[in-house]
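Chemist: Dumping the structure here so I can ask a few things about it.
The values are calculated or read from the model by the stated rules, or taken from the named source; none is laboratory data. Predicted model only: the values in this text are computed from it and were never measured. With ideal geometry, Cβ positions are generated from the backbone for all residues, glycine too; neighbour counts draw on all protein chains shown.
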Amino acid sequence: MDVIAVRDIRVHGRHGALPHEREREQPFDVDVRLECDLTAAAAEDDLRQTIDYAGVKADVERVVRETSFALLERLAAEVLETLFINPRIVRAEVSIAKPAILDGATPSVALCRDNPRACR
């Protein structure tokens, strides 16, 4: 399976298990790895045959900015659900890091799932 990755998406949102974590925005770093068949895109050199990187980035940013969850796990699941609207994506991994929460350490969560809507 072919892979498209969009890494280092820095977006601010209000997510966290503790009340003060949701009172003000904080940074989240998101990496997305999408498995899809890129045969047609490679052969035809046509954007309509692939996954639009800018669209992926915009979807991630929208979910992080417009939602608020206690857990990174739930946030990552919501990002996957949004990306899985595209049936070209067969499988995806979303990693979300929260760099501003622990002194000297960065917690992160990664979810890897199959797309139930995928064209196979």
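Chemist: Based on what the data block shows, is Ile89 over 21 Å from Met1 (Cα atoms) and touching a strand residue (DSSP E or B) at 6+ places or on another chain (Cβ under 8 Å)?
Modeler: Working: over 21 Å from Met1 (Cα atoms): no; touching a strand residue (DSSP E or B) at 6+ places or on another chain (Cβ under 8 Å): yes.
No; evaluated as a whole, the condition is false for this residue.
Chemist: Considering region 48-67 alone, what residues qualify as being within 18 Å of Cys119 (Cβ to Cβ) and out of contact with any strand residue (DSSP E or B) (no Cβ under 6 Å at 6 or more places or on another chain)? First the steps, then the outcome.
Modeler: First, the residues of region 48-67 that are within 18 Å of Cys119 (Cβ to Cβ): 48-52, 55-56.
Hits for region 48-67 are Arg48, Gln49, Thr50, Asp52, Gly55.
Chemist: A further question follows. Which of (1) within 11 Å of the chain's Cα centre (by Cα); (2) in a strand (DSSP E or B) does Glu35 not meet, given it meets every other one?
Modeler: For Glu35, the exception is condition (1).
Chemist: Being touching a residue at least 24 places away in the same chain (Cβ under 8 Å) and among the β-branched types (Val, Ile, Thr) is the filter; apply it to region 55-77 and report the residue that is farthest from Gln26 (Cα to Cα). It would help to see each step written out before you state the result.
Modeler: Narrowing region 55-77 to residues touching a residue at least 24 places away in the same chain (Cβ under 8 Å): 56-57, 59-61, 64-65, 67-73, 75-77.
Checking which are among the β-branched types (Val, Ile, Thr) leaves us with 56, 60, 64, 67.
Numbers: Val56: 21, Val60: 15, Val64: 10, Thr67: 13 Å.
By that ranking, first place goes to Val56.
Chemist: So, one more: Tell me which residues, restricted to region 101-113, are surrounded by 13 or more Cβ atoms within 10 Å (Cβ to Cβ) and among the charged types (D, E, K, R). Break it down stepwise before answering.
Modeler: Residues of region 101-113 that are surrounded by 13 or more Cβ atoms within 10 Å (Cβ to Cβ), as a first pass: 101, 108-113.
Arg113 - this is the single residue of region 101-113 that is surrounded by 13 or more Cβ atoms within 10 Å (Cβ to Cβ) and among the charged types (D, E, K, R).
Chemist: Spot the failing condition for Arg91; the list is (1) surrounded by 15 or more Cβ atoms within 10 Å (Cβ to Cβ); (2) touching a helix residue (DSSP H, G or I) at 6+ places or on another chain (Cβ under 8 Å), and only one is missed.
Modeler: The one condition Arg91 does not meet is (2).
Chemist: Moving on. What's the number of the only condition in (1) over 13 Å from the mean Cα position of the chain (by Cα); (2) under 20 Å from Met1 (Cα atoms) that Pro107 fails to meet?
Modeler: Only one criterion is unmet by Pro107, namely (2).
Chemist: Pick from region 75-88 the residues that are more than 11 Å from the chain's Cα centre (by Cα) and loosely packed, with under 15 Cβ neighbours inside 10 Å: which of them is farthest from Asp37 (Cα to Cα)? Write out each step before concluding.
Modeler: Kept after step one, since they are more than 11 Å from the chain's Cα centre (by Cα), are these residues of region 75-88: 85-88.
Within this subset, residues satisfying the condition of being loosely packed, with under 15 Cβ neighbours inside 10 Å are 85, 87.
Values: Ile85: 16, Pro87: 11 Å.
Here the residue is Ile85.
Chemist: Given the criteria surrounded by 18 or more Cβ atoms within 10 Å (Cβ to Cβ) and either at pLDDT 95 or above or touching a Leu at 6+ places or on another chain (Cβ under 8 Å) (or both), does Glu66 qualify?
Modeler: Values: surrounded by 18 or more Cβ atoms within 10 Å (Cβ to Cβ): no; either at pLDDT 95 or above or touching a Leu at 6+ places or on another chain (Cβ under 8 Å) (or both): yes.
Answer is no for this residue.
Chemist: Related question: Looking at region 79-107 only, could you name the residues that are closer than 17 Å to Gly16 by Cα and in a helix (DSSP H, G or I)?
Modeler: Start the filter on region 79-107 by keeping residues that are closer than 17 Å to Gly16 by Cα, which leaves 79, 95-103, 105-107.
Answer for region 79-107, where residues must be closer than 17 Å to Gly16 by Cα and in a helix (DSSP H, G or I): just Val79.
Chemist: Name the residues in region 15-53 that are surrounded by fewer than 16 Cβ atoms within 10 Å (Cβ to Cβ), farther than 28 Å from Arg91 by Cβ and in contact (Cβ under 8 Å) with a residue 24 or more places away in the chain, would you?
Modeler: Ala17, the sole residue that qualifies.
Chemist: Here are Ala42, Ala76: which of them is part of a helix (DSSP H, G or I), farther than 15 Å from Asp2 by Cα and among the small types (Gly, Ala, Ser)? Explain how you work it out, then say what you get.
Modeler: Working: Ala42 fails: farther than 15 Å from Asp2 by Cα.
Just a single option satisfies the conditions, and that option is Ala76.
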